[in-house]
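Notes follow once the structure below has been shown.
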Amino acid sequence: MMLTPEELATLVVLALDRLGITHEELLSRLWESDITRAEGEAAVQALARKRFVQQEAGIWTLTPSGHVALRKGYAELVRAEDVSPSSEGMEECPSLPWLTQVHTVWVEALSLNYAVAPEVLEQLLPAPLQPELHKGTAWVQVLMSSLREMRPQGFAGLFGFNFYQVSYRAAVRYQNARGQWRRGGYFVRSETNDELMRRIGNALVEFKFHDFGEADMLMVRDGDRLTFGAEPTPAFPGGRLVGVLNTRPLPGPPKGSVWKSLDELHEPLIECYDAFGVSDGHMYVLTVDREPWDANFVQPVELYCEYMQDGVFAGHARLDSVLHLRECAYRWRPLRREPIPAAG
């Protein structure tokens, strides 16, 4: 049984006061939530007819059925707000059950946002992935982060891993067998400075699509200045990354950026929770549950990104903007997959 927004709000108000409230107080609290008196009256009467609320001695309370309805309504809201809902026919397939309990924190991270030629990016993507275009172009984010105490939940930080990681995440999308479009990221290149984490990542199906390389990395802060660098080992050439950022927040996007504000960039490049991999006729989806990015536009003082400037994107990539963020906790959901629809 679907609840109207006004009915759900009424159940919430009553749930917050288990001893019950008067009719006038109930309408007053609903008014504070921009629900008019007439709308509140209608919601209360509708809930009473459904026996979700009851009134005794002038006091309204939830009935047992009302508590059940509230929990169901909350579950519907959670599903509606899910950043990565499962498609029909999608199945869970984690490598290790405990992997979804692993959590960590991005202590400090940066996002170098490159506008790239769609036709160049398309050559790097396995079918059916295709570049997701924003502002008429494709995008690759070079994400460098300092991760702290990666470990299974319940373990002390002493048992966690601290390491650096650089990922080159392309904004992509694909259409599943039901004709639904799913958007996310595809890692065209990744490196870490921790050999054990590299071996683990490349051994697990969750990360085998990322093909982690190895590099010496460092991030050092001196006041507002953040110096960073990644020097790949000879086995993984082409990914040298060095730079200095002034992390003092800019009042808005830098000159030359196609974005008018951080809010405008938010949905296309920040609200990206799925990483895709293609293998054995399936699309694999690894979803990260994380805190919101507390990101700001910042100014690079010096910057050289070999992969974007002199690698496969040479002459086809333009640095649009740089974001800096701190303290973002995250964990993984169980890996999922769905069949790739047959071509034609």
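Across the stretch 58-76, what is the number of residues that are modelled with pLDDT under 85 and either surrounded by 12 or more Cβ atoms within 10 Å (Cβ to Cβ) or outside the structural domain of residue 27 (by TED's automatic domain parsing) (or both)?
2
Being part of a helix (DSSP H, G or I) and either closer than 13 Å to residue 12 by Cα or hydroxyl-bearing (Ser, Thr, Tyr) (or both) is the filter here, so list the residues in the stretch 22-31 that pass it. It would help to see each step written out before you state the result.
Initially, the stretch 22-31 is screened for residues part of a helix (DSSP H, G or I), giving 23-31.
Within the stretch 22-31, 26, 27, 28, 29, 30 qualify.
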Response to the item:
Taking the stretch 196-239 and keeping residues hydroxyl-bearing (Ser, Thr, Tyr) and under 25 Å from residue 125 (Cα atoms) leaves 233
Practice prompt. With a cut-off of at least 1 residues that are over 20 Å from residue 114 (Cα atoms), without any contact (Cβ under 8 Å) to a residue 40 or more places away in the chain and of a type in the set (S, T, N, Q), name the strands (runs of 3 or more DSSP E) lying wholly within the stretch 170-244.
Written response: 181-192
Discussion item. Among (1) of a type outside the set (Ser, Thr, Tyr); (2) assigned to a strand (DSSP E or B); (3) on the phi > 0 side of the Ramachandran plot, there is one condition residue 256 misses while meeting the rest; what is its number?
Written reply: (2)
Discussion item. Report every pair of residues separated by at least 6 positions or lying on different chains whose Cβ atoms are under 8 Å apart, first residue within the stretch 9-36 and farther than 14 Å from residue 55 by Cα and in contact (Cβ under 8 Å) with a residue 24 or more places away in the chain, second surrounded by 14 or more Cβ atoms within 10 Å (Cβ to Cβ) and of a type in the set (D, E, K, R).
Written reply: 30/6; 30/39; 35/6
Worksheet item: How many residues does the stretch 32-47 contain that are on the phi < 0 side of the Ramachandran plot and either outside any helix (DSSP H, G or I) or in contact with a strand residue (DSSP E or B) (Cβ under 7 Å, 6 or more places away or on another chain) (or both)?
Response: 5
Item to complete: Being modelled with pLDDT under 80 and assigned to a loop (DSSP other than H, G, I, E, B) is the filter here, so list the residues in the stretch 77-119 that pass it.
Response: 81, 96
Worksheet, complete the sentence: Conditions (1) modelled with pLDDT of 95 or more; (2) farther than 24 Å from residue 278 by Cα; (3) not polar (S, T, N, Q) -> residue 149 fails only (1)
Practice prompt. Would you mind telling me which numbered condition in (1) exposed (fewer than 12 other Cβ atoms within 10 Å of the Cβ); (2) over 30 Å from residue 288 (Cα atoms); (3) within 39 Å of the chain's Cα centre (by Cα) residue 38 fails?
Written response: (3)
Worksheet entry | Residue selected from the stretch 220-251 under the condition surrounded by 12 or more Cβ atoms within 10 Å (Cβ to Cβ) and β-branched (Val, Ile, Thr), by the criterion nearest to the chain's Cα centre (by Cα) | 247
Worksheet item: Looking at the stretch 259-275, which of the residues that are buried (at least 17 other Cβ atoms within 10 Å of the Cβ) and part of a loop (DSSP other than H, G, I, E, B) is farthest from the chain's Cα centre (by Cα)?
Response: 259
Item to complete: Please find, within the stretch 282-329, the residue that is surrounded by the fewest Cβ atoms within 10 Å (Cβ to Cβ) out of those that are within 13 Å of residue 84 (Cβ to Cβ) and not acidic (Asp, Glu).
Response: 288
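The values are calculated or read from the model by the stated rules, or taken from the named source; none is laboratory data. The shown structure was predicted, so the numbers you read here are calculated from the model rather than taken from an experiment. Glycine also receives a Cβ, built like all others from the backbone with ideal geometry; neighbour counts cover every protein chain displayed.
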